[in-house]
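Notes for the one structure printed next.
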Amino acid sequence: MYCSRMPLHTGGGINVADLYPGPTTPGEETYTAIRRVILEGTLRPGERIVEQQLAETLNVSRTPVREALLKLERENLVARVGRGMAVRRYSSDEVRDIYGLRAHLESFAARDRKS
């Protein structure tokens, strides 16, 4: 699951890959892969996450999986359930609050652009 970075060069000598670097370490790649399957819905809200199973699926050791899960916990995408982790569920009130906040931020940003 190693992501090779193909150098893409523009005429001005700028390496585009340096401007938009992708995951380069096993930990970053593992984090990106787990985050993607959560956001795509492959791992569903409330679904328990089995470290060993993820490690085998992603062909990595459990250490990058643990590190990725801790980072995802800080982002509120996963939550501790007993001794393990699960994909976080959001209540309808939380979702409504998130969309309300987003609407306020977008209207503020739109007003700011007009100035």
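The values are calculated or read from the model by the stated rules, or taken from the named source; none is laboratory data. In this text, all values refer to a predicted model and were calculated from it rather than measured experimentally. Every residue, glycine as well, gets a Cβ built from its backbone with ideal geometry; the counts of neighbours run over all protein chains shown.
Observations on the structure shown:
- Of everything in the stretch 31-53 that is over 17 Å from Leu70 (Cα atoms) and without any contact (Cβ under 8 Å) to a residue 24 or more places away in the chain, the residue that is surrounded by the most Cβ atoms within 10 Å (Cβ to Cβ) is Thr42.
- Subset of the stretch 67-82 (residues that are under 22 Å from the mean Cα position of the chain (by Cα) and not hydrophobic (A, V, I, L, M, F, W, C)): Glu67, Lys71, Glu73, Arg74, Glu75, Asn76, Arg80
- For Gly82: the one exception among (1) modelled with pLDDT of 95 or more; (2) surrounded by fewer than 10 Cβ atoms within 10 Å (Cβ to Cβ); (3) not aromatic (Phe, Trp, Tyr): (1)
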